[in-house]
Amino acid sequence: MINAGWKIGAAAGAALFVLAPLGAVAQDAVLSGPRNYDMQQMPGVQGHDDAMLPVVRNRLNDGIGLHAGSYWLFPTVEAGYFFDSNPLARSHDKKSSNGLYTAANVEAKSDFSRHALNFYGGVEHYEYLDVSGQSHTNGYGGTDFRIDVRRDLVILGGVDGGYFHETLDDVNTPENADEPIPYTELSGWGSINKAFNRIAVSLGAAYSTLDYSSVKSKGGGRLDQDYRDSEILVGGGRLSYLFSPGYRIFGDIRYNDRHYRHSRDDDSHGYRALGGVAFEITRLLAGEVGLGYMWQDYDRSSEGTRDGFSYHLGLTWTPTPLITVNLDGDRMIADSSIEDDPSRIATTLGASIDYEFRRNIIISPSFAIANNDYSHSSNDNTSYEAGLDVEYYLNRHLAVGANYNYLKRDYKMDASDYDRHLVGVNAKARF
């Protein structure tokens, strides 16, 4: 299904390592953004026991899957048509385009009595019919595991990688790029999670390497992106205490080291420390809220350090069996693709609703806002994103749908402001 920035949601969370209560896995960001910074996000409520919560979309998976030995296979194929009002993300001389897309992915989930070893992978292609240079193909694959050493001791980990594209509406895409920027990413992560009665401890580390390719420049010639090739190492831990049934206070700290392999002198290191409360109330309301401090020290003398308050918010609320509400937000220090301004403070907040209007009709409105505050340049911007998805299930295996997404990005320099409308229809088969 079409989404803003054409991101692959199924693999994005795989770049994270888990520092959370036992059994947690991480979730993706609210808005499109650089995958390499996902590793700094706190694991939100989606990762806590989402499979156990009575959320609308969990029921859609009932009765699907192919059993093969000790595994359940979940293949999905999808195809659709879309209209993009501004694929070049321009404030003037806008060009629109019709397009077609196809996608296929598969998950293999283990069905062992203990432990787990899962695999996933997929590919998607977007073909723009009326503008040149915007068609692109993404692919990803990975594996994750869980080792149940004891009832109160679990080891989690995995690796993933893929070939992706930053489209022109991505906040990290250089302004003078004339086509989506291809890049490869390889990530690995692991954590050890131990419970001591009411106390839970997690320690973990993650590594990610990114390699960007050059693309056509708006002014002609090639736009070199080698300066963005990077390696990121993250390590840290979480300590939590169950002070009341369903309520757990926690402290979480993560250190990161960012290294650029070529001439750019933007290596940095820093940390993010948060304290907060994780909760699950009657299986209808679950989530966590954290507040704290972030700090990043850059090698470039003109950049120095950036710091400030940080927060994390993750909430899933099921007020009725037919409605699921998700709320997510983060504030963190991220790197920038602007050569003269290597850092930004990214603040995001988003909400989405899944409403089971009928037994076979799901209506999903969403809204998100993101602000990027750069240290030196006038590229500060705020993005507003709103969407509506409608899915009609013909049966448990076949569905058709329609979706609309609106993106508006306001820059400190008014001349760069733009908006974008995406409308699409699709058909999906699940086995």
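The numbers here are math on the coordinates, done by the rules we state, and not lab data. Because the structure is a prediction, the values reported are computed rather than measured. Don't worry about glycine lacking a Cβ; one is built from the backbone with ideal geometry, like all the others, and counts go over all protein chains shown.
For Y404 and T320, calculate 0.36 nm times their separation in residues minus their Cα-Cα distance, and state this gained length in nm to one decimal. Mind dumping the intermediate values first?
Working: separation 84, 0.36 × 84 = 30.24 nm, distance 2.54 nm.
Taking 0.36 nm per residue and subtracting the Cα distance, the gain is 27.7 nm.
Hey, rough spin-label estimate for S132 and A104, points 7 angstrom out along Cα→Cβ, what's it come to in nanometres?
Between S132 and A104, the simple spin-label model gives 3.1 nm.
Quickly rank 113-123, 165-175, 72-82 as a protection proxy: mean count of other C-beta atoms within 10 Å, highest first.
Details: 113-123: 15.0, 165-175: 21.0, 72-82: 16.9.
So the peptides 113-123, 165-175, 72-82, ranked by packing, come out 165-175, 72-82, 113-123.
Please work out the Kirkwood hydrodynamic radius for region 282-334, using every pair of different C-alpha atoms, and report it in angstroms with one decimal place. Numbers along the way, then the final one.
Numbers: mean 1/r = 0.0740 Å⁻¹.
Every distinct Cα pair counted, the radius reaches 13.5 Å.
So which lysines pass the test for K218, namely a Cα distance under 23 Å, with those fewer than 8 places away in the same chain ruled out?
Excluding near neighbours in sequence, the set is K94, K95, K408, K412.
Using only the Cα atoms of the chain, construct the convex hull and provide its projected area averaged over every direction, in square nanometres to one decimal.
Details: hull surface 78.7 nm².
Projected over every direction and averaged, the Cα hull of the chain covers 19.7 nm².
Under the Karplus relation 6.51 cos²θ - 1.76 cosθ + 1.60, θ = phi - 60°, what is the ordered set of whole-Hz ³J(HN,Hα) values for region 163-177, x standing for Gly and Pro?
Along region 163-177, the couplings run 10, 10, 9, 8, 7, 5, 8, 6, 4, 8, 6, x, 4, 8, 6 Hz.
What ranking, highest mean first, results for peptides 389-397, 206-214 when packing means the other Cβ atoms within 10 Å averaged over each residue? Mind dumping the intermediate values first?
On the way: 389-397: 15.1, 206-214: 19.3.
Descending packing order for the listed peptides: 206-214, 389-397.
Express in nm, to one decimal, how much length is gained between R300 and K412 on full extension, taking 0.36 nm for each residue of separation and deducting their alpha carbon distance.
Full extension of this stretch gives 37.9 nm more.
As a check on your grasp of the helix formula, calculate [θ] at 222 nm for the chain: sum -39500 (n - 2.57) over DSSP H runs of n ≥ 4, divide by the residue count, round to the nearest 500. Display every interim value, and only then the final one.
Details: 3 runs with 13 residues, N = 431.
Dividing the helical sum by the residues of the chain leaves -500 deg cm²/dmol.
Run the quick spin-label model on D265 and R358: label points 7 Å from Cα toward the beta carbon, then report their separation in nm to one decimal.
About 6.5 nm, to one decimal.
With springs only between Cα atoms under 10 Å, which of M332, M294, M413 fluctuates most in a Gaussian network model of the chain?
Maximum among the listed residues: M413.
Would you work out the charge dipole size for the chain about its Cα centre, treating the Cβ of every Lys and Arg as +1 and the Cβ of every Asp and Glu as -1, and quote it to the nearest 20 debye? Don't skip to the end; give the middle numbers.
Details: 39 positive and 57 negative charges, 327 e Å.
That gives the chain a dipole magnitude of about 1580 debye.
Multiply the residue gap between S244 and K218 by 0.36 nm, knock off their C-alpha separation, and tell me the result in nm, one decimal place.
Working: separation 26, 0.36 × 26 = 9.36 nm, distance 5.87 nm.
Length gained between S244 and K218: 3.5 nm.
Which of H125, H262 comes first, and how do the rest follow, when ranked by fewest Cβ neighbours within 10 Å? Please list the in-between numbers first.
Values: H125 15, H262 11.
Fewest-to-most ranking of H125, H262: H262, H125.
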